[in-house]
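Worksheet: the structure to be examined is printed underneath.
The values are calculated or read from the model by the stated rules, or taken from the named source; none is laboratory data. For clarity, every value in this text was computed on a predicted model and none was experimentally measured. Cβ coordinates were reconstructed from backbone atoms using ideal geometry, including for glycine residues, and neighbour counts include every protein chain displayed.
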Amino acid sequence: MKSEKRPKRKQNLRNGQNNDNLKPMTTNNLKTNRIIQLAAYIAFFCLTIFYFWFFAGYIFYYQEKSMLFQTSVEYLFKHLNQPGGFLVWLGELQTAFYYYPLVGALVVSAEICLMALLIARIGERITTKTQFFIPFLAGAILVYLQTNYQFQTYNLLGILLQVFVFYLIVSFLKRKSSWIPILFFPGWYFLTGSFSFILMMMLLLHLFFSDEKYRWPKMAILILPTILFILISGELLFFESIGELLLYPYANQSTGNQQYLFFALFFAIAFLPALFNIRITLIQNLTIRKISVLQFTPFLIILVFGAINISKYEVKDKHYFEVEKLFYQQKFNEVIAYNEQHPSVNILTGFLNNIALAETGKLTDKLFSFPQSPDARTLFLPWELVGEVLKRGGYFYYSIGQINEAQRWAYEYMVMRGNTPEGIKMLIKTELINGNYRVVAKYISILKQTVFYRDEARRFESFLDNETAILNDSELGQKQRLKTSQDFFVLAENPQANIDLILAADSTNRIAVQYKFALLLLQKDFENVTRLLPLLKTAGFEKIPKNIEEAVVAYSLLNLGKYPEFEGFTVQPETVISFNKYYQIFQQNRNNKQQAEKALQEYRDTYWYHVFFR
């Protein structure tokens, strides 16, 4: 009998268990542990959902708009051209359902909590003790990583899948069946790429700390075939370098440039079997009134990381993506109202807001109601092969009727970053306006293979070979009428110059006229604003827009000249009175610019304030 007990004791010691661990836990203690653990999981899950839904819902909006998942078999096969591609495909499938941000908050919160629960169960298998600290710390770090809108879904899925498979192995695979994950590991590497090395390390450590008869052969078989698979497949199957095969699908940008914290979590989970075998007796035995302090560490972790996440919360990101969402929906008046309520100095926010102002005919009425960039980047985005600029810059050209240039920006972005919902829709709209119906049909077929954009694909399909329907459409018809018929070279690096080329070809383009005057106003060019006033008449304006009128009044009064006279327009007396009052206050405080700026706050939305203080 003694000889039968020795291996049992040896195995327990290998697992880091001492005689104290072998003492059965009392029913009351076990019940208390379970209740505390359950309460911690419920609190963690609910608070994570609350944060992702009420604070960081824009994360899911951004990620859903950054890719276009297709349900076709061809799209799946396209992802199977290298190890890890299937994991990326799986991440894109989940991201497609972020179309509804609440679904994203629920799914991501559930996955993070599931991972924490699986880690706890793995720890209990190894130590026979209820685990509190490590599972919740890993979960909290994942929540922190996920709060960065660039942290891609496949990172979370990649880690979760390794933990899940390892849990299945240690829980259900015994004796001969334990060879299954060893023999088929190269296949798992093909499916999940570099994330599979987490599982490899966990299996190696699990075998090392065990007393299995064939543990050393298993460790060798786990490592050697995988190395051979990578070396051979890199040359014969995937034509990728060893470095790329070892890293893919990991990319620093896909973690939101949080590589250090991500790798810390990556290796911590990979070394879980070793971490669970570390015993820190002082912490484990620390109690307050016979209650283990370790039991309440989950709540401490939740509080600490909750405070960190709230402090990390970027209101400007939320505001921008809300503006972008309204812009894509063409709710231009709502874009303007939202920016009035939440002013932003973000260049891209100002850029989209100015397009909304131009589309509603308010650009030169409310230009200075919003922060503007002195270099006019809130009006035009110069050509850059930078994702965020390239993704959005074409909307300016689409707005003013340079359809071919808008199509070029959208196409270049597609080539660099792949298909996105709004990118493919822009390509469809520009090609419809240009009458390239065969190309449109190709893009529509892509949109019809998506999960949530099939209705829009069918709507676009109704315009094929139907120019009358295009002309009658409120958006497409307007842009087709704005489209310049005269050919000229577009100066992508100098978008301001394109305005003059458009107006030379068509001076009735109201949106281009607004942009021309807006640029002159930002440049504080009184003289040319006044000189070009006849353009307003040509473009069909019924009155002088507010900011232009302010420039005309200032130019005329400061130069002791008369107001320009042309048929159909008059300067409002209220504007003259307002300027005189403004100028009087300015003169009273001219020796102290800061004092003058403070005294003239009610004029912040005027051209005059811009001239003197911007």
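Only one entry in Phe44, Phe60, Phe55, Phe50 is closer than 18 Å to Leu157 by Cα and either modelled with pLDDT of 95 or more or aromatic (Phe, Trp, Tyr) (or both), namely Phe60. Within region 219-244, the set of residues being in contact (Cβ under 8 Å) with a residue 12 or more places away in the chain and closer than 15 Å to Phe185 by Cβ comprises Met219, Ile221, Leu222, Ile223, Pro225, Thr226, Phe229, Ile230, Ser233.
Taking every residue in region 532-561 that is outside any helix (DSSP H, G or I) and pairing it with any residue that is among the aromatic types (Phe, Trp, Tyr), at least 6 positions away or on another chain, the pairs with Cβ-Cβ distances below 8 Å are Leu532/Phe517; Leu533/Phe566; Leu533/Phe569; Lys543/Phe569; Ile544/Phe569; Pro545/Phe517; Gly561/Tyr555.
Arg481 meets the conditions (1) within 30 Å of Trp89 (Cα to Cα); (2) basic (Lys, Arg); (3) exposed (fewer than 14 other Cβ atoms within 10 Å of the Cβ) in every case but one. The failed one is (1). Among the residues in region 483-506, are any closer than 30 Å to Tyr607 by Cα, of a type in the set (Lys, Arg) and in contact (Cβ under 8 Å) with a residue 24 or more places away in the chain? Looking for residues that are closer than 30 Å to Tyr607 by Cα, of a type in the set (Lys, Arg) and in contact (Cβ under 8 Å) with a residue 24 or more places away in the chain, one finds none in region 483-506, hence no.
In this structure, is Arg590 within 13 Å of Phe368 (Cβ to Cβ) and exposed (fewer than 15 other Cβ atoms within 10 Å of the Cβ)? Taking the combined requirement at face value, the residue does not satisfy it.
Within region 517-531, track down each residue that is part of a helix (DSSP H, G or I) and either under 36 Å from the mean Cα position of the chain (by Cα) or over 20 Å from Tyr607 (Cα atoms) (or both). Within region 517-531, Phe517, Ala518, Leu519, Leu520, Leu521, Leu522 qualify. Going through (1) touching an Asp or Glu at 6+ places or on another chain (Cβ under 7 Å); (2) modelled with pLDDT of 95 or more; (3) farther than 30 Å from Phe238 by Cα; (4) not hydroxyl-bearing (Ser, Thr, Tyr) one by one, Arg14 falls short only on (2). Residues in region 415-425 that are assigned to a helix (DSSP H, G or I) and at pLDDT below 95 were compared, and the one that is surrounded by the most Cβ atoms within 10 Å (Cβ to Cβ) is Arg417. Filtered by the rule that a residue be among the charged types (D, E, K, R) and free of Cβ contacts under 8 Å to residues at least 24 places away in the same chain, region 372-391 gives Asp375, Glu384. Are any of the residues in region 63-81 over 26 Å from Tyr443 (Cβ atoms), modelled with pLDDT of 95 or more, in a helix (DSSP H, G or I) and aliphatic (A, V, I, L, M)? Taking every residue of region 63-81 in turn, none turns out to be over 26 Å from Tyr443 (Cβ atoms), modelled with pLDDT of 95 or more, in a helix (DSSP H, G or I) and aliphatic (A, V, I, L, M). You will find that of Ile446, Ile400, Ile428, the residue that is buried (at least 19 other Cβ atoms within 10 Å of the Cβ) and either free of Cβ contacts under 8 Å to residues at least 24 places away in the same chain or under 24 Å from the mean Cα position of the chain (by Cα) (or both) is Ile428 and no other.
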